[in-house]
Amino acid sequence: WGDPMLVLPFGRQWKEAHAAGVSEAEHVYPGQPELGHHVIGCLNEAEFDVAHSRTLAPGQSLGHTFDFVCRRIMRGARVPQLPVLLNTYYAPNRPSATRCYALGRALRQAVDSWESDLTVALIASGGLTHTVLDQSMDQAILEGMRNRDERALTRFPESVFVDGTSEIKAWIVLAGAMEADPREMQLIDYVPCYRSVAGTGCGMGFAYWE
């Protein structure tokens, strides 16, 4: 919840951009510490044990999870942001899908209770099933989000949320945040991007609420 923050492109993309003369300064974005402080307090009150940071180590950035949003969705606009990092990869303290849905609810309550006239957009970033693609699971997750169906989103065993597929939990957090919102989910597209005949690839989706 620092300000400002560095959000560099991922790996080769940054090397190519840097070689083309793009400076690191073009990837510095403003934060929103006031909202960050409020959200941390609200989540603590909701009995979530929140880790926090106001700085990045030298040479580190927030990474491609946030860079994709900044470049592809925000188109480089310097909109203040509050990154929320969710541990989906690293055992032994990965939150369950049920806990992620509850986190989304609590996050939305925190935003709604913030005494500010600013508009806050909640954005989830991550793929659907990968590295092994499972279209049936992808469709079930998208349908569960559309129908505000917590059970449909949390019925899968934790054993399937491994490797890249664990990124679905970011979508589940957003589904929890939008559960009571009057707007409806609009699915722009879903594309199963296969890389091999063995079924490796990534399920790609994009949706918004209107």
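The values are calculated or read from the model by the stated rules, or taken from the named source; none is laboratory data. Note that the structure is predicted; figures quoted are calculated from it, not measured. Cβ sites come from the backbone with ideal geometry, for glycine too, and all protein chains shown count toward neighbours. These accessible areas exclude ligands, DNA and RNA; they are computed on the full protein's heavy atoms, side chains included. Shrake-Rupley method; radii C 1.70, N 1.55, O 1.52, S 1.80 Å.
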Handout entry: Relative contact order (%) - the range 103-188, alpha-carbon pairs under 8 angstrom, separation at least six
Key = 47
Completion exercise
Checked against the positive end of the charge dipole of the range 77-210 (+1 on Cβ of Lys and Arg, -1 on Cβ of Asp and Glu, about the Cα centre), the farthest of Ala102, Asn87, Ser125 is Asn87
Handout entry: Between the range 87-127 and the range 173-209, the alpha-carbon center distance in angstrom
Key = 17
Fill in the blank from the handout: Note on the chain: contact order normalised by length, alpha-carbon pairs under 8 Å, 6 or more apart, percent, works out to 21
Exercise for the section: Compute the distance in nm between two label points, each set 7 Å from the Cα along the Cα-to-Cβ direction, one at Gln109 and one at Phe48. Expected result: 1.1
Handout entry: Directionally averaged projected area (convex hull, Cα atoms, the range 1-115), nm²
Key = 8.3
Exercise for the section: Please tell me the relative contact order of the range 158-210 in percent, rounded to the nearest whole number, where contacts are Cα pairs under 8 Å and at least six residues apart. Expected result: 30
Problem - Helix-only mean residue ellipticity at 222 nm for the chain, each DSSP H run of n ≥ 4 adding -39500 (n - 2.57), per residue, nearest 500 - result: -10000 deg cm²/dmol
Problem - Summed side-chain charge close to Glu179 - residues other than Glu179 whose Cβ falls under 11 Å, Lys, Arg +1, Asp, Glu -1 - result: 0
Fill in the blank from the handout: With label points set 7 Å from each Cα along the Cα-to-Cβ direction at Arg155 and Ile123, the distance between them in nm comes to 3.3
Problem - Accessible surface of the chain, 1.4 Å probe, proportion on carbon and sulfur as whole % - result: 53
Practice task
Find how much the distance from Ser136 to Ala91 grows on full extension, using 0.36 nm per residue of separation minus their present alpha carbon separation; answer in nm with one decimal.
Solution key: 13.6 nm
Fill in the blank from the handout: For the chain, dividing by residue count, accessible area per residue (probe 1.4 Å) in Å² works out to 59
Completion exercise
Which of (i) 1.00; (ii) 0.96; (iii) 1.11 is the computed Rg/Rh (Cα atoms, Kirkwood Rh)? It is (ii)
